[in-house]
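The values are calculated or read from the model by the stated rules, or taken from the named source; none is laboratory data. Because the structure is a prediction, the values reported are computed rather than measured. Quick reminder, even Gly has a Cβ in these numbers, built from the backbone with ideal geometry, and neighbours come from all protein chains shown.
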Amino acid sequence: MEVEEEFLQNATTMLSFAEAEIKQFLAWTGKRSPYSRTAEELKAKLQAAASDLKNLKKEYSKRPSSKSYGIAQPMTAFNGIPATE
């Protein structure tokens, strides 16, 4: 797994856990508590962030493979000798 894919997976997991914690907080404090409105707003923001992250993952999955960029392949000069930098 590439580091970018790992980041996207970790971010998705963190958002999922955060939303679950907010839901638990709401269950503990009740819908009529003074904190309910703020918690609901935060939950909506987390859901929006999760949706944005899902779109980013979809967009990232359409990228060309890293091999097409020549990443992690040694550079070779025109004379056939591998470059030192």
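The number of residues in the range 1-54 being without any contact (Cβ under 8 Å) to a residue 24 or more places away in the chain and either more than 30 Å from S65 (Cα to Cα) or in contact with a Gly (Cβ under 8 Å, 6 or more places away or on another chain) (or both) comes to 25.
Any residue that is at pLDDT below 95 and part of a loop (DSSP other than H, G, I, E, B) - is there at least one of those in the range 5-18? The answer is no, given that none of the residues of the range 5-18 is at pLDDT below 95 and part of a loop (DSSP other than H, G, I, E, B).
Take K31 and decide whether it is outside any helix (DSSP H, G or I) and modelled with pLDDT under 95. For K31, the condition - outside any helix (DSSP H, G or I) and modelled with pLDDT under 95 - is met.
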